[in-house]
1. Residues of segment 75-90 being in a helix (DSSP H, G or I) and β-branched (Val, Ile, Thr), which ones?
2. Inside segment 91-127, can you point out the residues that are under 22 Å from Ala50 (Cβ atoms), open to solvent by less than 50 Å² (accessible area, probe 1.4 Å) and assigned to a strand (DSSP E or B)?
3. Yes or no: segment 151-165 includes at least one residue that is without any contact (Cβ under 8 Å) to a residue 24 or more places away in the chain, touching a strand residue (DSSP E or B) at 6+ places or on another chain (Cβ under 7 Å) and open to solvent by 70 Å² or more (accessible area, probe 1.4 Å).
4. Closer than 26 Å to Thr127 by Cβ, among the acidic types (Asp, Glu), exposed (fewer than 15 other Cβ atoms within 10 Å of the Cβ) and modelled with pLDDT under 95 - does that describe any residue in segment 37-46?
5. Are there any pairs, at least 6 apart or on different chains, whose C-beta atoms fall under 6 Å, with the first in segment 39-68 and under 22 Å from Gln187 (Cβ atoms) and the second open to solvent by 10 Å² or more (accessible area, probe 1.4 Å) and among the aliphatic types (A, V, I, L, M), and if so, which?
6. Would you check if there is a residue in segment 128-149 being crowded, with 16+ Cβ neighbours inside 10 Å, part of a helix (DSSP H, G or I) and at pLDDT 95 or above?
7. Please determine, by comparing only the residues of segment 59-86 that are among the aliphatic types (A, V, I, L, M) and more than 17 Å from Glu100 (Cα to Cα), which one is surrounded by the fewest Cβ atoms within 10 Å (Cβ to Cβ).
8. How about segment 1-74: which strands (runs of 3 or more DSSP E) wholly inside it have at least 1 residues that are within 15 Å of the chain's Cα centre (by Cα) and not acidic (Asp, Glu)?
Amino acid sequence: MTLYACSSNPGKLREFVLAALPIQTLPNLKAIPAPEETGATFEENAALKAAYYSQFTAELVFADDSGLAVDALNGAPGVYSARYAGDNATAAGNNRLLLERLDGVANRRARFVCAIALARTGDVITTVHGEVEGEILHAPRGSSGFGYDPLFFYPPRNCGFAELSPEEKFQVSHRGNALRALAAFLQEHRFI
């Protein structure tokens, strides 16, 4: 069995490899126009992308939609995590805006959320979910990870996500939790 990942995000692709699943990037992914992410939830966007990309192969594909939800910001940046500071936002720009919006805010509770949808030939087979609870730091820490990792403090390890090795982060992260749920589904339904 081949399981095709439908992402060109290098940070996500590095984490997918840690899942110990037969994952490859969908062939010719860069040549396929990306679908517009119009969902109101991570699950809706993951399902939309998986159904769309699964039309380009007969194999199983999965797509993830993930991001950061901050309690004091009513769940923002949420599904707009990658483009929080605008359509052409960088991680540094997104992080800067997040810190600006939390300036003086005492409640810094947040969670990373990941939804993964599995599809074949246009049909979504299942959607799985993973989360990890933490807090937003007052300044970036660490040099590992990507996106909001430098601002995400994980209390059980008493450090930020960007201070963990990729393997340590995968053991506790939202994406790691979602990929483990996907692996369990694939085994239960004898796909692998």
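1. In the first step, residues of segment 75-90 are kept if they are in a helix (DSSP H, G or I); the result is 78-83.
Matches in segment 75-90: Val79 only.
2. The answer is Phe112, Val113, Cys114, Ala115, Ile116, Ala117, Leu118, Ala119, Thr126.
3. No, the conditions are met nowhere in segment 151-165.
4. Going residue by residue through segment 37-46, those that are closer than 26 Å to Thr127 by Cβ are 37-46.
Imposing the further condition that a residue be among the acidic types (Asp, Glu) reduces the set to 37, 43-44.
Retained after the next criterion (residues that are exposed (fewer than 15 other Cβ atoms within 10 Å of the Cβ)): none.
No, there is no match, as no residue in segment 37-46 is closer than 26 Å to Thr127 by Cβ, among the acidic types (Asp, Glu), exposed (fewer than 15 other Cβ atoms within 10 Å of the Cβ) and modelled with pLDDT under 95.
5. That search, which allows pairs on different chains as well, returns Ala47/Val124; Ala50/Val124.
6. Within segment 128-149, one or more residues are crowded, with 16+ Cβ neighbours inside 10 Å, part of a helix (DSSP H, G or I) and at pLDDT 95 or above.
7. Quick first cut of segment 59-86, residues among the aliphatic types (A, V, I, L, M) only: 60-61, 63, 68-70, 72-73, 76, 79, 82, 85.
Among the residues that remain, those that are also more than 17 Å from Glu100 (Cα to Cα) are: 60-61, 63, 79.
Details: Leu60: 20, Val61: 26, Ala63: 27, Val79: 23.
Out of the qualifying residues, it is Leu60.
8. Numbers: elements: 3-5, 23-25, 60-70.
By residue number, 3-5, 60-70.
The values are calculated or read from the model by the stated rules, or taken from the named source; none is laboratory data. Quick caveat, the model's predicted, so the values are computed rather than measured. As a convention, Cβ positions derive from the backbone with ideal geometry for all residues, glycine included, and neighbour counts pool all protein chains shown. Each accessible area value is taken on the protein alone, full model and side chains, heavy atoms only, with ligands, DNA and RNA left out. Shrake-Rupley method; radii C 1.70, N 1.55, O 1.52, S 1.80 Å.
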